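No value in this document is a laboratory result; all are computed from the given coordinates. Every value quoted in this text rests on a predicted model; they were computed, and no experiment measured them. Reconstructed Cβ throughout: ideal geometry from the backbone, glycine too, with neighbour counts over all protein chains shown.
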């Protein structure tokens with residue numbers, strides 16, 4: 001009996017949160033790929049940005065700003081990037097030179113390597129590194145926003161040549177160096193400035209992530225928390241919750257080739273039938289802001305003046321009546337969404353709101369790949385999705401140009417409009433950012449009228465951490481760059 | 001016994017082959033394309049085609065099936081489309097965690113189920129019986145995605161006894177094993193109760209008692225041994241399920257097991273990983289069930305004889 005008691009005591013004693021000085025950060029999904037030349041999932045991109053440095057970063061207006069290098073547009077098709085001094089070094093001590101930049105970009109541009117980032121860089125015609133400090137990018141056409149494309153994490157040329165597996169052993173020049181990855185759910189890095197270890201721990205279930213935070217098994221987490229969990233955390237002592245406006249854009253998409261939804265009046269009725277303020281207030285707990293367009297108002301090509309469709313059920317019913325629908329002939333539509341529980345809840349709210357104006361919505365939820373496959377193939381009437389991490393306005397071509405129907409682009413609703421095409425092309429041909437911004441703003445006004453999407457909201461970013469952590473400032477795009485500056489001022493690292 | 005074994009082995013191989021083929025075909029029939037998932041929407045069509053060719057996804061389906069089976073027969077599982085990690089390595093990382101959790105869950109289930117089932121059967125209609133069956137009903141009714149967080153809230157957050165989640169040492173195994181084991185114990189205890197009640201009504205039990213044997217000997221040597229047969233079948237089936245990966249429990253407790261890998265790979269349309277996982281799961285099921293059949297045959301000679309006669 002005493003042996004059992006002793007064993008239990010030992011077990012319990014060994015179960016206190018570890019206090020080995022490591023900061024633990026909870027993630028909702030594991031970084032899939034630690035090689036920046038291939039990584040595309042948000043988790044990988046955010047963690048890789050800590051390990052690898054990039055030529056540019058972005059300011060609050062999503063304008064590119066120099067990071068590893070500053071650029072000069074020598075001609076509209078020739079950009080020269082000069083690496084900053086003092087020279088950066090990789091974590092193995094080797095200096096980072098323009099040869100490494102050249103090799104990284106060449107690798108991605110080589111079709112043999114099947115990098116997912118090649119598509120955004122095909123405007124590059126030639127890369128030349130005339131010396132160790134400078135890299136010349138020659139373009140096939142003028143592109144005033146070209147610097148915004150220089151976001152690849154730079155890896156050493158020598159290791160590229162030797163076929164090094166960065167996925168297993170990442171090596172960059174960023175503020176954090178890779179330490180170990182014991183399993184897919186744990187990734188340890190070390191902050192170079194002060195050798196502070198940080199461990200990223202994947203905990204998919206948001207409730208469990210919150211419980212882990214409360215118990216001190218993780219010290220920080222950001223995003224992927226349901227609003228009710230955020231409210232719960234705000235009521236708990238010892239936990240700091242910070243919200244910041246985000247740029248992830250949620251929208252309701254229409255199939256513009258559908259005979260019913262190709263009618264603008266029906267689309268406007270739906271836009272007026274959705275009470276976005278109520279959803280933001282009650283469902284999001286206020287942790288979102290209404291969207292009028294794909295780009296947030298603070299974006300350098302964004303605008304706050306786009307006409308918005310306020311909740312107007314009477315007006316919506318009137319529009320539906322004009323379109324020939326009413327109590328005797330209700331409009332029936334299908335709405336596809338992913339199987340994510342929160343997204344399904346949102347869909348049911350929209351279903352209920354549209355029911356009140358006389359539209360019967362059938363919700364169809366599928367696993368992500370099936371849902372995404374259906375959307376790309378045009379097998380839908382209504383769907384909801386989000387655009388995440390949008391920085392460059394050239395997304396408008398991919399999303400709304402008539403030549404961007406899948407698989408050529410992401411015009412999922414098959415929106416085909418010659419004036420929208422003209423505005424997109426005029427913006428792209430603008431020789432200055434001001435000129436481009438002008439056309440992109442006109443485009444957003446036009447899209448607001450045509451309504452190929454109903455812009456819903458921009459989700460806020462939410463950080464939650466033990467109250468001993470100081471200095472965590474949420475980045476507009478939700479990256480983890482704040483970890484460079486965060487400090488622990490509490491009693492122990494764990495709690 | 002050898003004939004019985006060979007028959008079982010042959011049908012097992014057929015099942016594994018059939019399952020693998022069906023899964024392969026279904027995966028390729030459902031919407032979703034790994035190339036799209038890997039390259040994203042902004043990739044050039046030429047890049048997509050190049051990658052599709054490099055992965056062999058542009059071949060006719062029958063050729064992909066043949067290639068895939070050829071690789072599997074050589075035990076060459078290939079590598080993940082996404083992480084580029086050899087699949088054998090991925091499985092080797094996951095299998096120990098899955099086996100550990102499955103065996104721990106089964107142990108918890110057996111420790112709970114036998115006393116509860118026997119107690120309920122011997123005290124039929126009493127408070128003991130109702131208590132045990134109420135526990136059983138709760139265990140069956142409460143889903144693991146609810147039970148897991150409840151256990152975490154009580155034992156981890158309030159009492160601070162065990163880690164919330166993750167796989168770090170023996171302590172982190174306790175709550176997932178309890179979550180899994182409680183549900184299984186509920187099913188098993190009901191089965192043990194029902195079969196034991198039936199056996200206790202048999203003539204040979206009355207004879208054993210009439211011979212003056214102690215109640216303990218009657219129960220343990222005569223009644224329980226005969227009541228075990230259907231229970232063993234159930235344990236075998238459940239163990240197969242547990243070894244296939246307890247997806248929900250693994251998700252709640254961030255347990256790096258086979259179930260999570262399978263589900264994640266299905267979502268990403270990582271075909272080679274899904275195929276390897278399904279093959280492993282079906283082999284596990286078949287092996288466990290074949291072993292169960294063999295044990296069953298060993299315990300009950302009538303089954304062997306019936307097999308021989310037919």
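Which log10 I(q)/I(0) values does region A:246-458 give at q = 0.12 Å⁻¹ under the Debye formula, counting every alpha carbon as one identical point scatterer? Debye intensities relative to I(0), on a log10 scale: -0.61. Helix B:127-141 versus the longest principal axis of chain B: what is the Cα-based angle in degrees, 0 to 90, to the nearest 10? So the helix axis and the longest Cα principal axis differ by about 10 degrees.
Structural descriptor for region A:327-376: relative contact order 47 percent, calculated from alpha carbon pairs under 8 angstrom and at least 6 residues apart.
Computed on region A:246-458, with alpha-carbon pairs under 8 angstrom and 6+ residues apart, the relative contact order is 34 percent. When DSSP beta bridges are restricted to pairs lying wholly in chain A, around 75% turn out antiparallel. For chain B, the longest principal axis of the C-alpha atoms and the axis of helix B:224-243 are separated by about 20°.
Label region A:41-101 by shape, choosing from rounded, prolate and oblate, from the square roots a ≥ b ≥ c of the eigenvalues of the Cα gyration tensor; if a/c is under 1.5 it is rounded, and otherwise prolate applies when a/b is larger than b/c, oblate when it is not. Taking the square roots of the gyration eigenvalues as a ≥ b ≥ c, region A:41-101 is oblate. Placing dummy labels 7 Å off each Cα toward the beta-carbon, the span from residue B:213 to residue B:53 is 7.6 nm. The mean sequence separation of alpha-carbon pairs under 8 Å and at least six residues apart, normalised by the residue count of chain A, gives a relative contact order of 19 percent. Sorted largest first, the spans of the alpha carbon positions of region A:379-472 along the three principal axes are 56, 39, 25 Å.
Against the empirical curve 2.2 N^0.38 Å, the C-alpha radius of gyration of chain B lands at a ratio of 1.23. For region B:239-284, the equivalent ellipsoid derived from the Cα gyration tensor has semi-axes of 16, 14, 6 Å, listed largest first. Please give the helix B:87-122 orientation as an angle from the longest Cα principal axis of chain B, in degrees from 0 to 90, rounded to the nearest 10. Value to nearest ten degrees: 20. Taking a ≥ b ≥ c as the square roots of the eigenvalues of the alpha carbon gyration tensor, region A:240-320 is prolate, as a/c is not under 1.5 and a/b beats b/c. Taking other Cβ atoms within 10 Å as a rough exposure proxy, B:91, B:173 sort from fewest to most as B:91, B:173. Temperature 37 °C, viscosity 0.692 mPa s: under these conditions the Stokes-Einstein estimate for the protein assembly as shown, based on its Kirkwood radius over C-alpha pairs, is 110 µm² per second.
Cβ-to-Cβ counts within 10 Å put B:61, A:139 in ascending order as B:61, A:139, the fewest first.
Rounded to the nearest 5, what is the percent of antiparallel bridges among the DSSP beta bridges in region A:246-458? Taking every DSSP beta bridge with both residues in region A:246-458, the antiparallel ones total about 55 percent. The order of A:356, A:24, A:188, going from fewest to most other C-beta atoms within 10 Å of their C-beta, is A:356, A:188, A:24. With no solvent and one point per C-alpha, what does the Debye sum give as log10 I(q)/I(0) for region B:141-258 at q = 0.11, 0.14 Å⁻¹? So the normalised log intensities are -0.53, -0.70. Each part gets one Cα centre, and for region B:122-139 versus region A:257-314 those centres are 56 Å apart.
Averaging Cα coordinates gives a centre for region B:172-235 and one for region A:34-53; these two points are 55 Å apart.
Over all pairs of different C-alpha atoms in region A:53-161, the reciprocal of the mean inverse distance, the Kirkwood hydrodynamic radius, equals 14.1 Å.
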